[in-house]
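Taken together, the values in this text are just the output of simple stated rules run on the coordinates, not laboratory data. This one's a predicted model, so the numbers in the text were calculated from it and none came from an experiment. Backbone-built Cβ (ideal geometry, glycine too); neighbour counts: all protein chains shown.
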Amino acid sequence: MSLTQRILKAVLPKQMADKMEAESRQWLMRCPEGHKISVWDAGAVRWGAAGNPKRRFFCRECGRVCWMTYEKASAAT
């Protein structure tokens, strides 16, 4: 768990922290090579968000920093 995740889980009420984690797990980060990882597993938080932004992030599968697209798991293929 990343430092940001630990701080948010410590500060927020348990029910709210659980919702934050569940929603973050629904979002996936996809690299240009097609590898996917949940936002939560990557150490990030995506909560109360919309849209499909791109962020530079380290892809563990490729071993490089690339532009990763955020997508909701239900919309992901």
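Scanning the stretch 20-77 for residues that are part of a strand (DSSP E or B), closer than 20 Å to Leu3 by Cα and touching a residue at least 40 places away in the same chain (Cβ under 8 Å) returns Trp27, Leu28, Met29.
Conditions tested, residue by residue: (1) surrounded by 15 or more Cβ atoms within 10 Å (Cβ to Cβ); (2) under 9 Å from the mean Cα position of the chain (by Cα); (3) among the charged types (D, E, K, R).
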residue: Gln15; (1), (2), (3): no, no, no
residue: Lys19; (1), (2), (3): no, no, yes
residue: Arg30; (1), (2), (3): yes, no, yes
residue: Ile37; (1), (2), (3): yes, yes, no
residue: Asp41; (1), (2), (3): no, yes, yes
residue: Arg46; (1), (2), (3): yes, yes, yes
residue: Arg56; (1), (2), (3): no, no, yes
residue: Cys59; (1), (2), (3): yes, no, no
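Does Glu21 satisfy being touching a strand residue (DSSP E or B) at 6+ places or on another chain (Cβ under 9 Å) and not β-branched (Val, Ile, Thr)? Judged against the criteria, Glu21 is not a match.
If you go through the stretch 34-71 and keep only what is in contact with a helix residue (DSSP H, G or I) (Cβ under 6 Å, 6 or more places away or on another chain) and not small (Gly, Ala, Ser), you end up with Val39, Trp40, Val45, Arg46, Trp47.
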